[in-house]
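The values are calculated or read from the model by the stated rules, or taken from the named source; none is laboratory data. These numbers were taken from a predicted model, which means no experiment stands behind them. Backbone-built Cβ (ideal geometry, glycine too); neighbour counts: all protein chains shown.
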Amino acid sequence: MDDKKNNKEEEIVKEEKKTVFRRKILNGVSSFLNSYFHYFSFLALFFIFWFSFNFILTPKYEKVSLASSEVLEAKKSLFIKEYRELASYKKNIEVFKSINPGDMDKISKMIPGEYSRDDLFTEFTYFLMKNNFNVKSIKVSNTEDIVSGKQVLSRRSSGTSNDPEFSRATQVSLSLPPDVGSWLIRAEISNVAYTDLKYLLDIIENNLKLVDVVSMDFDPITKSVSFDALTYYYKNK
């Protein structure tokens with residue numbers, strides 16, 4: 001009985017020692033934490049700030065900076081382009097203002113606005129007669145009508161047209177800008193000597209209105225000349 005009682009008391013003593021030891025450890029830890037808590041807090045805050053700065057703020061800042069740089073570069077390029085266009089407009093305005101009004105009127109008459117076939121027929125006939133040429137015939141045709149008519153005929157025929165009216169005048173007219181039209185003038189003049197022929201070409205070249213002679217046939221025996229010429233106009237929009 002005494003042995004059992006002694007063993008039990010020893011166990012109780014051991015448990016108390018263990019409990020005291022645990023308390024000492026916990027008290028030591030608590031005391032250590034209480035003594036150095038502000039250091040641990042500082043280290044924890046430093047780690048949080050370091051992690052946030054390097055892995056959250058810095059990548060976002062770099063992304064925003066890159067996007068901002070791209071936007072700024074695009075706006076810079078657009079500004080330079082618009083500035084150059086503005087400078088070009090200003091230069092064109094200055095050149096336009098420097099043109100003499102009389103010269104502007106001459107330029108506008110070289111390629112006038114759209115006018116009728118009858119007006120051109122009367123004008124060119126008068127032009128030749130005024131310069132003492134004997135006009136046998138004059139025919140005025142719109143090159144667009146000629147082209148459309150020849151294209152219809154070419155689709156019906158397997159051959160290629162050799163008509164100079166189609167092969168020369170219409171080829172020139174097809175190369176014109178879309179807002180410029182042309183009239184084909186086919187004229188025949190009699191009683192023309194070689195010197196008269198040179199004079200005819202000179203007055204056509206120096207005429208105020210732009211006229212291009214695309215073909216000419218001179219017969220020195222009959223002293224007659226026939227020619228095809230193109231004159232131009234701005235189409236009405």
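Key figures
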| item | result |
| --- | --- |
| Qualifying residue in segment 125-137 (condition: surrounded by 10 or more Cβ atoms within 10 Å (Cβ to Cβ), more than 30 Å from E188 (Cβ to Cβ) and either aromatic (F, W, Y) or at pLDDT below 85 (or both)) | no |
| In segment 204-235, the residues that are at pLDDT below 85 and either within 16 Å of K136 (Cβ to Cβ) or assigned to a helix (DSSP H, G or I) (or both) | E205 |
| Verdict on L201 being out of contact with any Lys or Arg (no Cβ under 6 Å at 6 or more places or on another chain), at pLDDT 80 or above and closer than 17 Å to L230 by Cα | yes |
| Candidate set from segment 179-194 (those that are outside any strand (DSSP E or B) and more than 17 Å from M129 (Cα to Cα)); member that is modelled with the highest pLDDT | Y194 |
